[in-house]
Amino acid sequence: MQKLVNRVTIELVQGDITDLATDAVVNAANESLQMGGGVAGAIRRRGGPAIQRECDDIGGTSVGTAILTTGGNLKARYVIHAVGPRWGEGDEEPKLISAVENALKLAESKQLRSIAFPAISTGIFGFPKAQAANLILSTTIDHVKNTKSTLRHIVFCLFDPASYSIFEKTLKKLVP
Ligand code: AR6
């Protein structure tokens, strides 16, 4: 499913984000930039050890921020490591919004045209999926409405059919 917002295509796909050939893929990272399971594990396996080494050189970044590494052996040129909140740590909503916004800004600072996001925080970090879908999509839509973005294609890659249908319902509501 896709929607056009201010000349930017917002697309939902179901699958593995490491299969995508967008300019950047977003990793659902943690503050210490140690790539564990979920999306990070898939990126580590497919992208090779160079990505973790670059993360180790950077050392860490706070919740709600994002940093950039190369994409290693992935099809994507870059990985943008965005740190979402753990459910229960406090201020989860503004932190998730900030993680998405900072990932978009970092992509734009590199003049990128396409980026793919996973459903940040909704796996190991336990953020409720419908609430995250609403925040992630509305933050992105507001951003592209209010910015002269270099991005022309923003993909949300949902791993399982249940997450896909939550994002689909939410995007239809936000962009009728
Ligand atoms: N492609 C797309 N989506 C995926 C993939 C994949 N290959 N694998 C899982 N998902 P998670 P978090 C979905 O746990 O909650 C790691 O240990 C998954 O079903 O990757 O932000 C990191 O190192 C879920 O809906 O991220 C951090 O410590 C969504 O992606 C921590 O987990 C996010 O799940 C981050 O936890």
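Out of all the residues in the range 126-162, which are under 19 Å from LYS110 (Cβ atoms) and within 11 Å of the ligand (Cβ to nearest atom)? Correct list: VAL155 only. Looking only at residues of the range 6-27 that are among the acidic types (Asp, Glu) and either under 22 Å from GLU168 (Cβ atoms) or within 9 Å of the ligand (Cβ to nearest atom) (or both), we find that the one that is surrounded by the most Cβ atoms within 10 Å (Cβ to Cβ) is GLU11. If you check ILE58 against the conditions, is it aliphatic (A, V, I, L, M), within 17 Å of LEU106 (Cα to Cα) and touching a residue at least 12 places away in the same chain (Cβ under 8 Å)? So ILE58 passes the test. Check whether at least one residue in the range 25-37 is of a type outside the set (Ser, Thr, Tyr), more than 13 Å from the chain's Cα centre (by Cα) and within 22 Å of ALA162 (Cα to Cα), and report yes or no. Within the range 25-37 (the criterion being of a type outside the set (Ser, Thr, Tyr), more than 13 Å from the chain's Cα centre (by Cα) and within 22 Å of ALA162 (Cα to Cα)), the answer is yes, since at least one residue qualifies. Within the range 28-43, the set of residues being under 27 Å from GLN111 (Cβ atoms) and either more than 9 Å from the ligand (Cβ to nearest atom) or touching a Lys or Arg at 6+ places or on another chain (Cβ under 9 Å) (or both) comprises MET35 only.
No value in this document is a laboratory result; all are computed from the given coordinates. Please read these numbers as outputs of a predicted model, since none were measured by experiment. Because the Cβ atoms are built from the backbone with ideal geometry, glycine has one as well, and the counts that use them run over all protein chains shown.
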